[in-house]
Amino acid sequence: MKLATFDINSTGKRTIGVYHNGAYVDLVTLSGGLLPADMIEFLKGGEAIMDQARTLLVGVGGSAGQYVYAEDEITLQSPVPLPGKIVHTSCNFDSHLEELTTWNDPECESHNWGDFHFEHPTGFLEAPSSVVPSGAGVEIPVFTRQLDYEIEIAIVIGKQAYKVGVEEAFDYVAGYTIFNDLSARDIQAREHSNKVILMGKSFKGSCPLGPWLVTLDELDDPHDLDMKLRVNGEVRQDANTGQMHYKTAELVSWWSHMGLYPGDVITSGSPPGVAAGMDKPRWLQPGDTVDATIAKLGTLTTRII
């Protein structure tokens, strides 16, 4: 299923639904109010609620009705609008780490991107309040001149996990969505020189997430999905999820030591092609449109304003 959180324009009501046959099905109304209208609560119901949702979809057509809406009748939100936490995996594509080691900010010469090691995943937490949906307009923060993009696949946790083994890790995954890690590179570099990452990655709107949460049964192999990020139609990043240094099971297993809960998000890290890796960086500017596409997961669109 392609699970979605959306607002019904005519009523302003927020609900949980499924993108199905080109339309959005309101699962809460379809269930007679038995299913929760919040994605985290929905995920807490586990496979029983997933099965109930699949059963309800049988026989649902694409025509508008009391629980089926055309795309222009709803306002799409991020599938998990306010995750409990966002765990960002750093430099999990080796070639991205390589391109960042060549980038130097003249205002912050002391940072060294080559310090990362790969004995285990490394990363940091991002503020859940920075999440915005597909189609959102994101303001360039007043404090940065170096706004960058990063396409990533995002793992959405389906049930509570603690000290999970690699072999059982997929049992705790609800599905995947697309993440565009917007970064204030100049601020990130200054923070990195102090061994922290905060505002460079967690400003308002820095975490576009969506459009849907695609459940595992929709994917034959989540580590063989083409990834493309375009800025104003120009391809900037072109990769495959199979190029991740650590795959889903290893990431979930490692990060589960902090305790994971339904709706938590783990990001994959980015492939190469970011502005910071260019000889002459082409930072995002007002009016740019960024389309992050991952096969079978859809396209996450962000407007820079």
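The values are calculated or read from the model by the stated rules, or taken from the named source; none is laboratory data. This is a predicted model, so every value here is computed, not measured. A quick note on method: Cβ atoms are made from the backbone with ideal geometry, for glycine too, and the neighbour counts reach across all protein chains shown. Surface accessibility is based on the protein's heavy atoms, side chains included, excluding ligands, DNA and RNA. Shrake-Rupley method; radii C 1.70, N 1.55, O 1.52, S 1.80 Å.
Over the stretch 1-48, what relative contact order in percent results from Cα pairs under 8 Å that are six or more residues apart?
RCO, the stretch 1-48: 26 percent.
Quick one: compute the contact order of the chain, relative version, from alpha carbon pairs under 8 angstrom and 6+ residues apart, as a percent.
24 percent
When we measure straight from the Cα of Lys44, which aspartates and glutamates land under 17 angstrom away, once same-chain ones fewer than 8 places off are left out?
Those aspartates and glutamates meeting the cut-off are Asp171, Asp264.
Report, in listed order, any pair from Lys159/Lys195; Lys163/Lys296; Lys159/Lys247; Lys85/Lys163 with a Cα-Cα distance greater than 22 Å.
As for pairs spanning more than 22 Å Cα to Cα, those are Lys159/Lys195; Lys163/Lys296.
Hey, what do the phi angles of the stretch 48-57 turn into as Karplus ³J(HN,Hα) couplings, whole Hz, using 6.51/-1.76/1.60 and θ = phi - 60°, x for Gly and Pro?
Once θ is set to phi - 60°, the couplings for the stretch 48-57 become 4, 6, 4, 5, 4, 5, 5, 5, 5, 6 Hz.
What whole-number distance in Å separates the alpha-carbon centres of the stretch 33-92 and the stretch 278-298?
Answer, in whole Å: 26.
Two-decimal Rg/Rh of the stretch 254-305 from alpha-carbon positions, Kirkwood Rh?
Over the Cα atoms of the stretch 254-305, Rg/Rh equals 1.08.
Can you tell me the mean projection area, over all orientations, of the convex hull of the stretch 14-89's alpha carbons? Units nm², please.
Across all orientations, the stretch 14-89 yields a mean hull projection of 5.9 nm².
Given the rule -39500 (n - 2.57) for each run of at least 4 DSSP H residues, summed and divided by the residues of the chain, what is its mean residue ellipticity at 222 nm, to the nearest 500 deg cm²/dmol?
Calculated at 222 nm, the ellipticity per residue is -4000 deg cm²/dmol.
Any chance you could run the full-extension gain for Lys204 through Lys44? It's 0.36 nm times the residue separation minus the Cα-Cα distance, nm to one decimal.
Fully extending the segment from Lys204 to Lys44 adds 54.9 nm.
Which value, in debye to the nearest 20, describes the size of the charge dipole of the stretch 202-298 about its Cα centre when Lys and Arg Cβ atoms bear +1, Asp and Glu Cβ atoms bear -1, and nothing else is charged?
I would put it at about 480 debye.
Calculate, in nm to one decimal, what Arg54 and Lys296 gain on full extension: separation in residues at 0.36 nm each, minus their alpha carbon distance.
85.3 nm
Spin-label point model (7 Å from Cα, Cβ direction): what's the Lys163 to Asp221 distance in nm?
It works out to 3.4 nm between the two label points.
Taking 0.36 nm per residue of sequence separation and subtracting the Cα-Cα distance, how much length would be gained by fully extending the chain between Lys247 and Phe124, in nm to one decimal?
Full extension of this stretch gives 42.6 nm more.
Tell me, what ³J(HN,Hα) does each residue in the stretch 169-185 have, in order and in whole Hz, if you take phi through Karplus 6.51 cos²θ - 1.76 cosθ + 1.60 with θ = phi - 60° and put x for Gly and Pro?
4, 5, 5, 9, 9, 7, x, 10, 9, 9, 10, 10, 7, 6, 10, 8, 5
To the nearest 0.05, how large is the calculated FRET efficiency for Asp7 and Ser193 if R₀ is 45 Å and r is the Cβ-Cβ distance?
With R0 = 45 Å, the Cβ-Cβ based efficiency is 0.60.
Direction-averaged shadow area of the convex hull around the Cα atoms of the chain, nm²?
15.2 nm²
Could you calculate the FRET efficiency of His257 with Ala70 from 1/(1 + (r/R0)^6), where r is the beta carbon distance between them and R0 is 35 Å, rounded to 0.05?
Between His257 and Ala70 the formula returns 0.20.
How much accessible surface area, in Å² rounded to 10, belongs to the heavy atoms of Arg190 with a 1.4 Å probe?
My reading of the accessible area for Arg190 is about 80 Å².
Taking the C-alpha atoms of the stretch 138-292, how large are the radius of gyration and the largest Cα-Cα span, Dmax, in Å?
In Å, with Rg to one decimal and Dmax whole: 16.2, 45.
Under a Cβ-only charge scheme (Lys and Arg +1, Asp and Glu -1), can you give me the dipole magnitude of the chain about the Cα centre, in debye to the nearest 20?
720 debye
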